[in-house]
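To start, the structure itself, in structure tokens.
The values are calculated or read from the model by the stated rules, or taken from the named source; none is laboratory data. Just so it is clear, the model here is predicted, and its values are computed rather than measured. Note: ideal-geometry Cβ built from the backbone for every residue, glycine included; neighbour counts use all protein chains shown. Accessible surface areas use protein heavy atoms only, side chains included; no ligands, DNA or RNA. Shrake-Rupley method; radii C 1.70, N 1.55, O 1.52, S 1.80 Å.
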Amino acid sequence: QVQLVESGGGLVQAGDSLRLSCAASGRTFSVNVMGWFRQAPGKEREFVAAISRSGGSPYYADSVKGRFTISGDNAKNTVYLQMNSLKPEDTAVYYCAASQVVPVTSLPRAYQYWGQGTQVTVSS
């Protein structure tokens, strides 16, 4: 099993920045891809970004490309999501996810482990 714990969410104004963190523990050696998803009220969970633990280019949703950056620190078993130029439509619960599957994918069903989520609220 792999446990994921997110942190760093909060209430910010449009244009501000936030950095989310996700600390993984347990059988982390089995994880190949780490990703971030988000879910706004009344909407389905959507892909935000993902990165392979072995390197390679990160993968982003079009809605966040150029504003969000995903990065990882394998030594700390932690993945980050730097969010800049936040917009009210970025408001959602953000979930960290881990996948044992390669390659990097945006499909939620490919991720076996999920964190509990952290709320991000962007006011206009």
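General observations
- Set side by side, the residues 102, 122, 93 differ, and just one is under 14 Å from the mean Cα position of the chain (by Cα) and among the β-branched types (Val, Ile, Thr), which is 93.
- Tally of residues being under 12 Å from the mean Cα position of the chain (by Cα) and open to solvent by 50 Å² or more (accessible area, probe 1.4 Å) across region 1-14: 2
- Scan of region 15-39 for residues that are outside any strand (DSSP E or B), touching a residue at least 12 places away in the same chain (Cβ under 8 Å) and loosely packed, with under 14 Cβ neighbours inside 10 Å, ordered by number: 15, 17, 27, 30
- Selection count, region 42-55, where residues are more than 13 Å from residue 90 (Cβ to Cβ) and open to solvent by 30 Å² or more (accessible area, probe 1.4 Å): 6
- Residues of region 109-124 that are open to solvent by 50 Å² or more (accessible area, probe 1.4 Å) and either within 17 Å of residue 43 (Cα to Cα) or not in a strand (DSSP E or B) (or both): 109, 112, 116, 119, 124.
Here is a yes/no grid of residues against (1) modelled with pLDDT of 95 or more; (2) within 20 Å of residue 113 (Cα to Cα); (3) more than 15 Å from the chain's Cα centre (by Cα):
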site: 27; (1), (2), (3): no, yes, yes
site: 38; (1), (2), (3): yes, yes, no
site: 41; (1), (2), (3): no, no, yes
site: 45; (1), (2), (3): yes, yes, no
site: 49; (1), (2), (3): yes, yes, no
site: 71; (1), (2), (3): yes, yes, no
site: 75; (1), (2), (3): no, yes, yes
site: 82; (1), (2), (3): yes, no, no
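- Residue that is least open to solvent (accessible area, probe 1.4 Å), among those in region 56-72 that are farther than 16 Å from residue 105 by Cβ and part of a loop (DSSP other than H, G, I, E, B): 64
- Condition check for residue 91: open to solvent by 60 Å² or more (accessible area, probe 1.4 Å) and modelled with pLDDT of 95 or more: no
- Residue match in region 81-101 (condition: closer than 21 Å to residue 30 by Cβ, in a loop (DSSP other than H, G, I, E, B) and touching a residue at least 60 places away in the same chain (Cβ under 8 Å)): yes
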